[in-house]
Amino acid sequence: MEEINLLYPITTNTRVVLDLDGVWKFQVEEPVGSITEDNPLKTDEVMAVPASFNDQTDKPALREHNGYFWYETNFEVADILQDQRLVLRFGSVTHEAWVYLNGKKLTHHKGGFTPFEVEVNDFLVPGKNRLSVRVSNLLDYTTLPVGNFSETKDENGDPQYSVDENFDFYNYAGIHRPVKLYSTPKDYISDVTIVPDVNLNDGSANVNFDIDTGGSFDDIEIKIIDENNNEVGTAKGTSTNVEINNVHLWQPLNAYIYTAKIIGIKNGKIVDTYEEPFGVRKVEVKSGRFLINGEPFYFKGFGKHEDTYVNGKGLNEAYNVLDIKLMKSMGANSFRTSHYPYSDEMMRLCDREGIVVIEETPAVGLMVDFGFDIANKMDKIDEDPTWSKLKTGDAHRQVIHEMIDRDKNHACVVMWSISNESAHYAPGAHEYFEPLFKLARELDPQKRPCTYVAIMMTLPDTDKCTDLVDVISLNRYYGWYLTNGDLSKVTDTVLQELNQWQSKYPDKPIIYTEYGADTIAGVHSPYNEPFSEEYQVEYYKKYSTAFDEVKNFTGEQVWNFADFQTKFGIQRVQGNKKGIFTRSREPKMAAKYLSDRWNNIPNLGFKKLK
């Protein structure tokens, strides 16, 4: 697979970034094939970009549309930029995009949670330029995430599509992240790879840099700038090292960010500059512990979603800022990007705020019979045909490549999650996942640990893939999907299973990446009834008791940070209500319990190496 080289667009003394976000024309393609790129859209419908289209309408049929739809806007390029290299970049389009400029095809991208870009110089015309994007929100057994796809014909013989999501979150779609047109010189810096090697004994770091370029330069200079704007190291060359003495380490909830200023020089003049923020920290798994900077780290935090009112999965930076502040006030130090890579903007914010991130691919629910009947599934795991029916391998390899290429330099990212709640217990699972773990380890220059998140059917005696992971990550719902309403045996059940995992894999840390109970804010019960706020608090207390007794247990991420939208179903009332906060970020009772617990657990050194 070719290098992707997607630096985040920034303005420097050699680069300009133009924002194409705003209100775009919007039109559903019905019947299929009725709209082409040749002519402007004939519609009065509009949608804000970036955002999901679904909640920007008062029409139920439009909100639930499965198929194809178009966005369109116009832009003009200033004369001063005409001799520059001009690149159009989409932060993400969910799930598939065909991009046209002035009726000419620019590019195509499949995969709804990673960026893509294309040079546009040869497609521009004087004056107004018409940018058109055809989008599909269809999912099937070849895509990530997976959907149960079906097609019928209407009375006119036109195709009608149906997608039953194989996952428990709403299939929001649209242009979800910023659209930017940015300039670079013809000779430009195309990628920066940063790998810090920390010496914890003497407080220094040897930082390796690999610089990719387009065109040619006579020389590449690298300057390391600290937070006080002081230059603390320099080097020259496209593959080189910079030594930082008295290094400030990036620590959980105590971030320190250096800036690498990359300068391309030709004929004695500066031609291009780019600045990449980075943190210096050491991540490793050792003797059943997850170590950050040599100290045992304890994950405290959440599974999460990109999900807000009206915006749907569209970028909402105000919510991002609020969410991080709420987490930090609770003593939380981490979250998982369940169940897809989050926006560039969120990753950069986590770098700055010291939030530890487990970053996950969109490989969620890779099983042919998705649902909540856990007990029935456990009786049939040997018959599960998932890995003979799903054809997601190509999409899975692509997103691993795109995710790691984009986020390889982020200090906040400490582990890659290759999938969530897939059929890791089913025949053929190991053969499917082994090459994917190998690929992730080959691609990551920082060699972070890798994991997958195990559904409840993946138990110590049914597991087929845990030998592949560095950290055992478990989703468990004892007291909710199993033994609902009865918490009497939860602590013993959790403790028994954790001890089995620890005995089987004594050198692997264990974390809970999901555990929770649907809770309707304002519902109270003196009897700890399910869906009450009292039940949610007691539920978490039972789990916490077990966690504290297991030596290799290294973290707890509750499900979920906030209530979120899902597809319709009798299991859901306006979405999943397992949030510690409501969808509008109002706290439930459990927020107080978890805050008291987490603020009394140190980020580092909670369970020392024996």
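The values are calculated or read from the model by the stated rules, or taken from the named source; none is laboratory data. Computed from a predicted structure; not experimentally measured. Cβ coordinates were reconstructed from backbone atoms using ideal geometry, including for glycine residues, and neighbour counts include every protein chain displayed.
Assorted remarks:
- Residues (small (Gly, Ala, Ser), in a strand (DSSP E or B) and within 13 Å of Asn171 (Cα to Cα)) located in the range 103-148: Ser136, Gly147
- The lone exception for Met456 - which of (1) among the aliphatic types (A, V, I, L, M); (2) out of contact with any strand residue (DSSP E or B) (no Cβ under 9 Å at 6 or more places or on another chain); (3) modelled with pLDDT under 95 it fails: (2)
- Condition check for Ser525 on (1) free of Cβ contacts under 8 Å to residues at least 60 places away in the same chain; (2) among the hydroxyl-bearing types (Ser, Thr, Tyr); (3) touching a Lys or Arg at 6+ places or on another chain (Cβ under 7 Å): one failure, at (3).
Yes/no per residue for (1) more than 13 Å from Ala440 (Cα to Cα); (2) among the aliphatic types (A, V, I, L, M); (3) modelled with pLDDT under 95; (4) in contact with a helix residue (DSSP H, G or I) (Cβ under 6 Å, 6 or more places away or on another chain):
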| residue | (1), (2), (3), (4) |
| --- | --- |
| Phe372 | yes, no, yes, no |
| Lys380 | yes, no, yes, no |
| Pro385 | yes, no, yes, no |
| Asp394 | yes, no, no, no |
| Val399 | no, yes, no, no |
| Val413 | yes, yes, no, yes |
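- Residues located in the range 252-269, provided they are surrounded by 20 or more Cβ atoms within 10 Å (Cβ to Cβ) and closer than 30 Å to Asn201 by Cβ: Pro252, Ala255, Tyr258, Ala260, Ile262
The rows are residues; the columns are (1) of a type outside the set (Phe, Trp, Tyr); (2) under 24 Å from the mean Cα position of the chain (by Cα); (3) outside the structural domain of Gly522 (by TED's automatic domain parsing).
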| residue | (1), (2), (3) |
| --- | --- |
| Asp563 | yes, yes, no |
| Lys567 | yes, yes, no |
| Gln574 | yes, yes, no |
| Lys588 | yes, no, no |
| Lys592 | yes, no, no |
| Gly605 | yes, no, yes |
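- Of the residues making up the range 201-234, those that are more than 18 Å from Gly279 (Cα to Cα) and either in a strand (DSSP E or B) or charged (D, E, K, R) (or both) are Asp212, Thr213, Gly214, Asp218, Asp219, Ile220, Glu221.
- Scanning the range 63-78 for any residue that is crowded, with 21+ Cβ neighbours inside 10 Å, of a type outside the set (Val, Ile, Thr) and at positive phi turns up nothing.
- Selection status of Val135, farther than 19 Å from Glu402 by Cα, under 21 Å from the mean Cα position of the chain (by Cα) and among the β-branched types (Val, Ile, Thr): yes
- Of all residues in the range 461-473, those that are within 18 Å of Thr554 (Cα to Cα) have Cβ atoms under 9 Å from Cβ atoms of residues that are of a type in the set (Lys, Arg) and surrounded by fewer than 20 Cβ atoms within 10 Å (Cβ to Cβ), 6 or more apart or on another chain, in Thr466/Lys504.
- Residue ID - surrounded by the fewest Cβ atoms within 10 Å (Cβ to Cβ), chosen from residues in the range 517-549 that are closer than 14 Å to Asp486 by Cα and among the aliphatic types (A, V, I, L, M): Val537
- Strands (runs of 3 or more DSSP E) wholly inside the range 257-307 containing at least 2 residues that are closer than 17 Å to Asp470 by Cβ: 283-286, 289-292
Okay, residues lined up against (1) over 23 Å from Ser52 (Cα atoms); (2) of a type in the set (Gly, Ala, Ser); (3) loosely packed, with under 15 Cβ neighbours inside 10 Å; (4) assigned by TED's automatic domain parsing to the domain that holds Trp24:
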{"position": "Phe123", "(1), (2), (3), (4)": "yes, no, no, yes"}
{"position": "Pro126", "(1), (2), (3), (4)": "yes, no, yes, yes"}
{"position": "Asp140", "(1), (2), (3), (4)": "no, no, no, yes"}
{"position": "Lys153", "(1), (2), (3), (4)": "yes, no, yes, yes"}
{"position": "Asn156", "(1), (2), (3), (4)": "yes, no, yes, yes"}
{"position": "Gln160", "(1), (2), (3), (4)": "no, no, yes, yes"}
